[in-house]
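Asks: First the structure, which I've put down as structure tokens, then a few questions once you've had a look.
The values are calculated or read from the model by the stated rules, or taken from the named source; none is laboratory data. Here the structure is a predicted model, which means the values were calculated and not measured. Every residue, glycine among them, receives a Cβ derived from its backbone with ideal geometry; neighbour counts consider all protein chains shown. In case anyone asks, the SASA skips ligands and DNA or RNA and just uses the protein heavy atoms, side chains included. Shrake-Rupley method; radii C 1.70, N 1.55, O 1.52, S 1.80 Å.
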Amino acid sequence: MFKIFKSLVLVALCFALSACFKEPLYHSQSYVFGTLVDISIAGESDERASMLANHVMQDFQNLHNRLHAWKATVANQPSELGELNAAFSNGKTPLNIRPDLAQMLLEIRTLSEKSEGLFNPGIGQLIGLWGFQRDEFTAVTIDAPQIKALVKANPRMADIVVSNQSVYSNNSALKLDLGGYAKGYALDVAVAYLRQQGVKNALINIGGNVIALGQHGNKPWRVGIQHPRQPTAIATLDLADGWAIGTSGDYQRYFILNGQRYCHIIDPRTGYPAQHMQSVTVLVPPQAANKSQAGVLSDVVTKPIFIAGATQSSRLAQAFGIQDFMLIDEHAHITVSKQMAQKLHWVNADVKFTTLP
Amino acid sequence: MRMLNLQRYLKRLQCKRISAYFLPGDVMLLAIGVLGVFYLFQLLWSTEHATKVQIRLADKIYATYSLKLQREVHVPGKLGDTVINIANGKARFAQSPCQGQYCVHQAWLSLAGQAAICLPNQVSLELLGENKPYDSLNY
């Protein structure tokens, strides 16, 4: 009888212990870049994790202030991007900028070329005209002549001349808006910092763009992909060490005018919001040190695919070395690359989708 | 020892009373079995329905409530009060002082892992369940 009691206690202890062996998980949330930032750190003491997360949040806030697209000063700090845009609009006045900003401009120029000009952060004026350089988005009156004029002015990243730390633009219509780059860049900054601090396991989410470091307990970090029209995930997938995932959608930043949805992703060729996609998701593997990093690519690569549509998706993804992507078009039809199809776990098992060959 | 027990067991089996069919050890084994099944049910059969809602205001957890009790929560955000309804295992943004009202349009949430955010007022809802279906949401 006593023996049985002892074994019972043992069984109970096992259950209790399995609960205790869970790694400590620290979680912090904040609002930066006009969106929600979410940091999880696993396997560190709460104290250290909180210190590290605060440092990362501070880095993000600094980047946000420096790269703000439409406020001249943020938190009493002049926006470096604002100063740069002012110089651009004044003609070819060279401006000295900080080395990391010069590096960013060169990187963006390369990425823009690779995207055949569809990723174009130089169209800040168009983005502003459509009302997406505000904290909240309300319908605007569509100013067709002005849109036409801005498209004709054709500001491109190639108009920017960078020599050492001195920069000017050959096109005074060029106005930078790094809304499709800064969050991805920030992810890479955070990962580099956390790795350097010896953190093994973390998950960082800036406004939906997510990057993973290590894993969560004995399993990879798991990420849900938002359904573009329902308040739930459409699928989940495992995000391995160093991988990043990004989605561009028409459901977070948009307004509706006369029954028509206008989203924040502007086609630089027409000057109008892209209208044939609900969402585009890319999954990016870790990159070599001398190339654009996974965070940046997760932010950037969705844009040209969102604008160009399904028929161009494979080619554009390939140009950036990306094999895993998912598209949901305006009719809610889902297309998945072959590699991505193997990684997705659909929330609704009956979901219909097309797999690319 | 074991042989002795078995002999005793067989002897008692010859009696006709039902209680005699079970020794204390049998009862214990049965209990462990039932508990085990219950535990595994909890572990593996966790329905996705959420049990709690976590409300965050800016970078702080504002409150965590059970979804079972009906409740109206007023969260004082940057722009004003956001009103959150909780009822029948669901939660939603009922009223918000923001322009876009995207948060209100998210309507009722009921599954673990579902979340809604009001960026302008910096209020977020996240439904919590037994198991998290994912660690973070890509959107």
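Asks: Can you tell which of B:CYS98, B:CYS103 is within 14 Å of chain A (Cβ to nearest Cβ) and under 24 Å from the mean Cα position of the chain (by Cα)? Reasoning before the result, please.
Replies: Working: B:CYS98 fails: under 24 Å from the mean Cα position of the chain (by Cα).
After ruling out the rest, the residue left standing is B:CYS103.
Asks: Picking from A:GLY249, A:GLY242, A:GLY214, which residue would you name as being touching a strand residue (DSSP E or B) at 6+ places or on another chain (Cβ under 9 Å), buried (at least 23 other Cβ atoms within 10 Å of the Cβ) and of a type outside the set (A, V, I, L, M, F, W, C)?
Replies: A:GLY249
Asks: Still on this model: Please verify whether the stretch A:230-253 includes one or more residues that are more than 8 Å from chain B (Cβ to nearest Cβ) and more than 20 Å from the chain's Cα centre (by Cα).
Replies: Taking every residue of the stretch A:230-253 in turn, at least one turns out to be more than 8 Å from chain B (Cβ to nearest Cβ) and more than 20 Å from the chain's Cα centre (by Cα).
Asks: Turning to a different aspect of this structure: Please specify each residue of the stretch A:140-161 satisfying the condition of being open to solvent by less than 50 Å² (accessible area, probe 1.4 Å) and within 18 Å of A:ILE265 (Cβ to Cβ). So that I can check it myself, show each step before the final result.
Replies: Kept after step one, since they are open to solvent by less than 50 Å² (accessible area, probe 1.4 Å), are these residues of the stretch A:140-161: A:140, A:144, A:147, A:150-151, A:153, A:155, A:157, A:159-161.
A:VAL140, A:ILE147, A:LEU150, A:VAL151, A:PRO155, A:MET157 - these are the residues of the stretch A:140-161 that are open to solvent by less than 50 Å² (accessible area, probe 1.4 Å) and within 18 Å of A:ILE265 (Cβ to Cβ).
Asks: What residue, among those in the stretch B:2-55 that are of a type in the set (Lys, Arg) and part of a helix (DSSP H, G or I), is modelled with the highest pLDDT? Before the answer, list the steps.
Replies: Start the filter on the stretch B:2-55 by keeping residues that are of a type in the set (Lys, Arg), which leaves B:2, B:8, B:11-12, B:16-17, B:52.
Add one more test, that the residue is part of a helix (DSSP H, G or I), and what stays is B:2, B:8, B:11-12.
Details: B:ARG2: 60, B:ARG8: 75, B:LYS11: 69, B:ARG12: 65.
Of everything passing the filter in the stretch B:2-55, B:ARG8 is modelled with the highest pLDDT.
Asks: So, in the stretch A:36-63, exactly how many residues are closer than 20 Å to A:ASN76 by Cβ and not polar (S, T, N, Q)?
Replies: 4
Asks: So A:LYS352 fits all but one of (1) surrounded by fewer than 15 Cβ atoms within 10 Å (Cβ to Cβ); (2) of a type in the set (Lys, Arg); (3) assigned to a helix (DSSP H, G or I); what number is the exception?
Replies: (3)
Asks: Looking at B:VAL123, is it touching a Gly at 6+ places or on another chain (Cβ under 6 Å), among the β-branched types (Val, Ile, Thr) and more than 7 Å from every other protein chain (Cβ to nearest Cβ)?
Replies: So B:VAL123 fits the description; yes.
Asks: Let me ask something else. Restricting attention to the stretch A:162-207, report how many residues are in a strand (DSSP E or B) and surrounded by 14 or more Cβ atoms within 10 Å (Cβ to Cβ).
Replies: Our first condition is that a residue be in a strand (DSSP E or B); within the stretch A:162-207, this holds for A:162-163, A:166-169, A:175, A:201-206.
Retained after the next criterion (residues that are surrounded by 14 or more Cβ atoms within 10 Å (Cβ to Cβ)): A:162, A:167-169, A:175, A:201-206.
The total comes to 11.
Asks: Could you tell me whether A:MET57 is open to solvent by 40 Å² or more (accessible area, probe 1.4 Å) and under 24 Å from A:THR35 (Cβ atoms)?
Replies: Details: open to solvent by 40 Å² or more (accessible area, probe 1.4 Å): no; under 24 Å from A:THR35 (Cβ atoms): yes.
The answer is no for A:MET57.
Asks: Among residues belonging to the stretch B:126-138 that are in contact (Cβ under 8 Å) with a residue 40 or more places away in the chain and open to solvent by less than 50 Å² (accessible area, probe 1.4 Å), point out the one that is nearest to the other protein chains (Cβ to nearest Cβ). Please lay out each step first, then the result.
Replies: In the first step, residues of the stretch B:126-138 are kept if they are in contact (Cβ under 8 Å) with a residue 40 or more places away in the chain; the result is B:126-131, B:133.
In the following step, the residues that additionally are open to solvent by less than 50 Å² (accessible area, probe 1.4 Å) were identified as B:126-129, B:133.
On the way: B:GLU126: 9, B:LEU127: 10, B:LEU128: 12, B:GLY129: 13, B:PRO133: 6 Å.
Filtering the stretch B:126-138 for residues that are in contact (Cβ under 8 Å) with a residue 40 or more places away in the chain and open to solvent by less than 50 Å² (accessible area, probe 1.4 Å), the one nearest to the other protein chains (Cβ to nearest Cβ) comes out as B:PRO133.
Asks: Let me ask something additional. So which helices (runs of 4 or more DSSP H) are wholly in the stretch A:215-323 and hold at least 2 residues that are touching a residue at least 24 places away in the same chain (Cβ under 8 Å) and farther than 25 Å from A:TRP130 by Cα?
Replies: Values: elements: A:294-300, A:302-308, A:310-319.
Qualifying helices (runs of 4 or more DSSP H): A:294-300, A:310-319.
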